[in-house]
Structure formats: C-alpha cells, structure tokens
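In what follows, a single structure is set out as structure tokens and then discussed.
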Amino acid sequence: MNPRKNMTALVTGASRGIGAAAAVLLAEQGMNIVVHYHAARDQAEATARECERRGANVMVAAADLRNFAELERFKAKLDAAGLSPDILVNNAGVSHYGLFTDVTEQDWENVVGVNLKGMFRLTQLLAPAMVRRRYGRIINVSSVWGIAGASCEVLYSLTKGGVNAFTKALAKELAPSGVTVNAVAPGAVETDMMRDFSEAELAALRAEIPAGRLARPEEIASLIRFLASPESGYITGQVISPNGGWLT
Ligand code: NAP
C-alpha cells in the first residue's frame, strides 16, 4: 500500500512558480493537496486542476500570510474539511530590491510579514497535530541569500536567514516527536520573482552560475518532494541549496 495515500500536503504560494511545481509533484505521490494562494485565484485553480489530473483530492484556499487572523480562519477551513496536513511546505515569499537605506516600514511589514511572520504562525497552527500523530514533514523555502547575503537585498536576505535559523531551532524541538524540519535554499529560479530582471541582468546572472542557467521550478520541487517523503526521516535541521554550483 502507498504510505502516502491518506496523507495531506499543504503548499503555500502554490498558485505560481516553485509552489505550483511542488504541489503537482506531491499530487503525483497520491496525497491530498491543499493549494494555498493569496490573490491569484485563477492560477491557484489551474494548479489544482493539474493536481487533480494526477489523481489527487484538492482543496484551494486563500490567506494573506501577513495576517494572523486570516491564518486562523484558513486553519478553521482545513479543520471543517477534515484536513490536517502531514506535510507543510512554507513556500510563499516576496522579494525586495533596493538600497538598505531606502527600505520603508511598509516594505518591512510586507517582506517580514510574508516570509517570516506568516511562516511562523502557520507552522504554529499546524505542527501540534503532527506532533500528536508523531509524524510530519515541514519544508521551508529559503534562498541562497539567507546563507550568503546579497547587496541591495538586505531585507530579503535577513528574512531568509531567519527562515534558516527557524528551521534549525524547530528541527531540534520537533525531532523527538518524529517531525522533520528542513529548508530548501534555491539559487536563481525561472519564476515571476525574476520578472523585474532585464535580459542583460539575466545574462550576467547566468554567467556567474557554473551550471550556466537558472533552475526550472521543477528542479527545486523535486528536492521538496524528497524532503516530504517518509524516506527522508533522518534528515532534519538542514538547509540544502540547489543552486547550480553558484554557492558551494
Ligand atoms: P512567485 O512565483 O513570485 O510566487 C510567490 C507566491 O507567494 C505566490 O503563490 C503568491 O500568491 C504568494 N504570496 C505572495 N504574497 C503573499 C501573501 N501576502 N500571503 C500569502 N501568499 C503570498 O515566487 P517563487 O519564485 O516561486 O518563490 C517561491 C519561494 O522561493 C519564495 O519563498 C522565494 O523567496 C523563494 N526563492 C525564489 C527564488 C527565485 O529565483 N525565484 C530564489 C530563491 C528563493 P499569489 O500568486 O496568490 O499572489
């Protein structure tokens, strides 16, 4: 019997990019999928259809990760549907480019709100049931910049450094309960997040990456799929960086 058959995976930010690719790969494993999104309902529904084509039962639900009350309502919807995720992929994130000195309070609220506050609260809401079942997989999507830091991405880098520290600390707290917590820290990936880069900037980026190209979202999702699997149970507290050799 497929041990994943009765499992539920929740992927935040599954309307687009890495999250959509992860939801589809997890759907192929035979799990129930919760497709979370913020505003892009049509795209979230398109992801859901892709998951359903692979045989998964799918729920689509929105929540603004910056808002604790919305996350509590989101959790209540899962409860009402009888869904308690065994796998939580904290993928949704926003970037920010600009000089450190130009960062406003609104920028701070937005980037810290999505990348850290929302991830923290959603995990707080969902981890207790994993602990009770003595099984769970929490995968946080970080970035190479959370390890190395990037000029003109200080705010973004600090949130991803926070994701990495959160991962390591929570992994220690939850390991005795059979719940693993890992971070996936991609290099540059072909998604909407890169859409503000000009062709010249993208060419310069490719030249810096030993693999000579950006990653496809599926190449990040395949690592998420492995960390979500029952077979990955002895890996916890790790920050793993698929980056084409960019950062070693
Ligand atoms: P993306 O294509 O820009 O998608 C971002 C996702 O986050 C969307 O699903 C979006 O929902 C959701 N989101 C944005 N604001 C939100 C909010 N306030 N509340 C809830 N959800 C919100 O991003 P991506 O490139 O796939 O990135 C996914 C993760 O990978 C992020 O954590 C990012 O930091 C990380 N990452 C990306 C790259 C890269 O090069 N692309 C590199 C390293 C790390 P809607 O569609 O509904 O707006």
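Results, tabulated for the structure shown:
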| read-out | value |
| --- | --- |
| Folded to 0 to 90 degrees: helix 17-27 orientation relative to the chain principal axis, Cα | 30 degrees |
| Charge dipole magnitude, Cβ of K and R +1, D and E -1 - region 8-240, Cα centre, debye nearest 20 | 900 debye |
| Cα Rg, Dmax (largest Cα-Cα span) when computed across region 65-205, Å | 16.5, 51 |
| Per residue accessible area of the chain, 1.4 Å probe, in Å² | 46 Å² |
| Reach of K5 by Cα under 17 Å, taken over aspartates and glutamates that are not fewer than 8 positions away in the same chain | E28, E52, D86, E231 |
| Cβ-Cβ FRET estimate between A200 and R54, R0 fixed at 45 Å, reported to 0.05 | 0.70 |
| Inter-probe distance in nm under a simple model that places probes 7 Å from Cα toward Cβ, at D79 and I240 | 3.3 nm |
| Net lengthening on full extension, M193/A175 (0.36 nm per residue, minus Cα-Cα) | 3.2 nm |
| Neighbour net charge for V112 - beta-carbon separation under 12 angstrom, K R +1, D E -1 | 0 |
| Kirkwood Rh, angstrom, region 141-248 [1 / mean 1/r, Cα pairs] | 14.8 Å |
| Distance (nanometres) between label positions extended 7 Å along Cα→Cβ at L99 and A46 | 3.8 nm |
| Contour excess over end-to-end distance, with Cα ends at A69 and Q106 and 0.36 nm allotted per residue | 11.4 nm |
| Carbon plus sulfur fraction of accessible area for the chain, probe 1.4 Å, in percent | 53 percent |
| Computed over region 1-56, Cα set: Rg, Dmax in Å | 10.5, 37 |
| Mean separation of Cα contacts under 8 Å, 6 or more apart, over the residue count of region 8-240: relative contact order % | 20 percent |
| Dimensions in Å of the chain - Rg and Dmax from alpha carbons | 17.2, 56 |
| Given charges at Cβ of Lys, Arg, Asp, Glu: region 144-248 dipole, positive-most of Y234, A204, T248 | Y234 |
| Partner lysines for K75 [C-alpha distance under 18 Å; skip if fewer than 8 residues away on the same chain] | K117 |
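The values are calculated or read from the model by the stated rules, or taken from the named source; none is laboratory data. What you see is a predicted model, and the numbers here were worked out from it, not measured in a lab. Every residue, glycine as well, gets a Cβ built from its backbone with ideal geometry; the counts of neighbours run over all protein chains shown. We work out accessible area using only protein heavy atoms, side chains counted, and drop any ligands, DNA or RNA first. Shrake-Rupley method; radii C 1.70, N 1.55, O 1.52, S 1.80 Å.
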